[in-house]
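Below is one structure, written out as structure tokens, with a few remarks after it.
The values are calculated or read from the model by the stated rules, or taken from the named source; none is laboratory data. Because the structure is predicted, anything quoted here is derived from the model rather than measured. Neighbour counts run over all protein chains shown; Cβ positions are idealised from the backbone, glycine included. When the accessible area is computed, the model is the full protein with side chains, heavy atoms only, and any ligands, DNA or RNA have been set aside. Shrake-Rupley method; radii C 1.70, N 1.55, O 1.52, S 1.80 Å.
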Amino acid sequence: YDAVPDEDSPTGGKDHSWVKPIIHRCSTSLTAGVEEAQLFRSEKLIKRATDGVLRRICSTIAEIWADAMPVSMASEHRTHRLIGSWKRDVDVLMTWLDWPMWETCHPACPPQMFCYIPTWPWGVEWTEMDPDDIDMAPRCIDRTTGSLILPRF
């Protein structure tokens, strides 16, 4: 593979164009064997969505990795700045992904209950209200009865 940093980069090592092949390989390897010509429209949408999410994850991680390569030679101050920058990058990625796996019940549910991460408005009367107005916060649900305990903050 030719994906290596250009030590003679005119940008002082800040040129991460060499990472592009790595990002491409990372973001397409899971679906590379899927031929879009053989897919229905809805399947193409799923494949493209998967590729897009992988591209976002892979590019964030690869850029952090590329930044980290010379960090052993950086000053302590520069290292702390980079770590702060990487944390912000990961926070932005996690916000963009908006995956519920990072959510949990606060406070933790008692043993007779489990933390339900809503994918459907459980316990909410269905109306024509705006779906964004429905409280989809994690909540404890009784394992036996299915009764909800609304979140306390």
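So between residue 29 and residue 148, what do we pick up on full extension, going 0.36 nm a residue minus the alpha carbon distance?
Values: separation 119, 0.36 × 119 = 42.84 nm, distance 4.17 nm.
So the chain would gain 38.7 nm between residue 29 and residue 148.
At a Förster radius of 25 Å, what calculated FRET efficiency corresponds to the Cβ-Cβ distance of residue 40 and residue 119, to the nearest 0.05?
After rounding to 0.05, the efficiency reads 0.55.
Whenever you get a sec, line up 71, 92 from highest to lowest accessible area (probe 1.4 Å, protein heavy atoms).
Highest to lowest solvent-accessible surface, that is 92, 71.
Using 0.36 nm times the number of residues separating residue 112 and residue 71, minus their current alpha carbon distance, what extension gain do you get?
Value of the extension gain: 10.0 nm.
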